[in-house]
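One structure is given below, encoded as structure tokens.
Bear in mind these aren't lab numbers, they're just calculated from the coordinates by the rules spelled out. It should be emphasised that the depicted structure is a prediction, and the values quoted were computed from it without experimental measurement. Positions of Cβ are backbone-derived with ideal geometry, glycine not excepted, and every protein chain shown enters the neighbour counts.
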Amino acid sequence: MEEHDERLKALLELALQKSTDVELKVDTLGHSLGAHLCFDGEVVAYAPWALKKIEQKYSQLKQKLYAVVYGCKYFHHYLYGRRVTVRTYHQPLETIVSKPVHKAPPQVQTNAAASAL
């Protein structure tokens with residue numbers, strides 16, 4: 001038990017350091033999506049979400065984008081004011097997001113505007 005407490009304490013201290021590399025990894029799987037927060041390569045927290053019936057009908061691209069927005073909102077206390085690397089493991093989304101918003105497809109522009117609210 002003490003070993004677990006020490007590990008948890010070390011991870012929390014790592015989370016409070018501004019110089020720590022922060023990574024948000026997200027993925028979707030049919031009926032659910034999830035995000036996990038990593039500091040210096042160590043997973044610190046998980047954020048699962050069961051998709052509603054209507055959300056399960058979203059395109060794969062929209063589900064991945066939804067997972068990114070969900071992860072950012074869920075972990076905003078840890079992410080705010082830091083440079084964050086987001087990993088989606090979805091090449092089309094990574095390509096679209098790396099472009100300026102005005103060059104993205106209209107549906108992605110709409111989703112980006114909605115998620116900014």
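At a glance:
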quantity: Positive-end extreme of charge dipole, the stretch 2-89 - chosen from Thr85, Val43, Thr20 (charges on Cβ); calculated: Thr85
quantity: Spin-label pair Glu3/Ser59, simplified geometry with 7 Å Cα→Cβ offset, distance in nm; calculated: 4.9
quantity: The stretch 2-89, relative contact order [Cα under 8 Å, separation at least 6], %; calculated: 33
quantity: When each of Lys25/Lys53; Lys57/Lys103; Lys52/Lys73; Lys73/Lys103; Lys9/Lys64 is checked by Cα-Cα distance, pairs over 21 Å; calculated: Lys25/Lys53; Lys57/Lys103; Lys73/Lys103; Lys9/Lys64
